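> What follows is a structure written as structure tokens; I'll ask about it next.
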Amino acid sequence: MDWRLLAAISYAESEWKPTATSPTGVRGMMMLTNATAKELGVTNRVDPIQSLRGGARYLKGILQDLPPGISEADRIWFALAIYNIGPGHVEDARAIAEHLNKDPNKWADVKDTLPLLQKSQYYEHTKNGYARGREPVRYVQNIRYYYNLLTWTEVAKQRTPPPKAT
């Protein structure tokens, strides 16, 4: 897995703080729940190596479980949204997209329907109910921004000649 993607995710999750803890009890650089950590064989969520490896395995599993109709270009964005809010809520947003004649396999359409999970007229008709749907949209946008910054920095380093010795 691309180290820059993992760096972008861990920065979005914890600002690279190994001992980060959220009010909901997720911990570590990749902010794993107890259940997810246990499932992934992570015994110490605040250990940076275990957290990063566990988060990478978790993301890889999410990517493998995505419906095949989602294009390669969109798969990572759906996977990141699931990492943030869970598969059930993303499926609810996909169902809303389909109901609104949008494409449930396109991130551009689903990112527009995720915030609707905050409105009772929509979430009351979903399997998983209310969700803070704006959160995964911002989360994915932030990771895209951080990833692009890291990628641009790498490219800039390759293009910039080393400083001349004086």
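The values are calculated or read from the model by the stated rules, or taken from the named source; none is laboratory data. These numbers were taken from a predicted model, which means no experiment stands behind them. All Cβ positions, glycine included, derive from the backbone under ideal geometry; neighbour counts span all protein chains shown. Side chains included, ligands, DNA and RNA excluded: accessible areas come from the protein's heavy atoms. Shrake-Rupley method; radii C 1.70, N 1.55, O 1.52, S 1.80 Å.
> Just to be sure I understand, how many residues within segment 73-96 are closer than 11 Å to TRP107 by Cα and among the acidic types (Asp, Glu)?
Number of matching residues: 1.
> When the residues of segment 18-38 are narrowed to those that are of a type in the set (Val, Ile, Thr) and not in a loop (DSSP other than H, G, I, E, B), which ends up most open to solvent (accessible area, probe 1.4 Å)?
Of everything passing the filter in segment 18-38, THR21 is most open to solvent (accessible area, probe 1.4 Å).
> Just for segment 6-17: of the residues that are touching a Phe, Trp or Tyr at 6+ places or on another chain (Cβ under 7 Å) and open to solvent by less than 30 Å² (accessible area, probe 1.4 Å), which one is nearest to ARG57 (Cα to Cα)?
SER10
> Another question, then. Testing VAL42 on (1) on the phi < 0 side of the Ramachandran plot; (2) open to solvent by 30 Å² or more (accessible area, probe 1.4 Å), one condition comes back false. Which one is that?
It fails just one condition, (2).
> Here is a follow-up. Since VAL46 meets every condition but one in (1) more than 22 Å from GLY25 (Cα to Cα); (2) touching a strand residue (DSSP E or B) at 6+ places or on another chain (Cβ under 7 Å); (3) among the β-branched types (Val, Ile, Thr), which condition does it not meet?
If we test VAL46 against (1) more than 22 Å from GLY25 (Cα to Cα); (2) touching a strand residue (DSSP E or B) at 6+ places or on another chain (Cβ under 7 Å); (3) among the β-branched types (Val, Ile, Thr), just (1) comes out false.
> When residues of segment 63-97 are filtered for being of a type in the set (A, V, I, L, M), open to solvent by less than 40 Å² (accessible area, probe 1.4 Å) and closer than 19 Å to TYR147 by Cα, how many remain?
5
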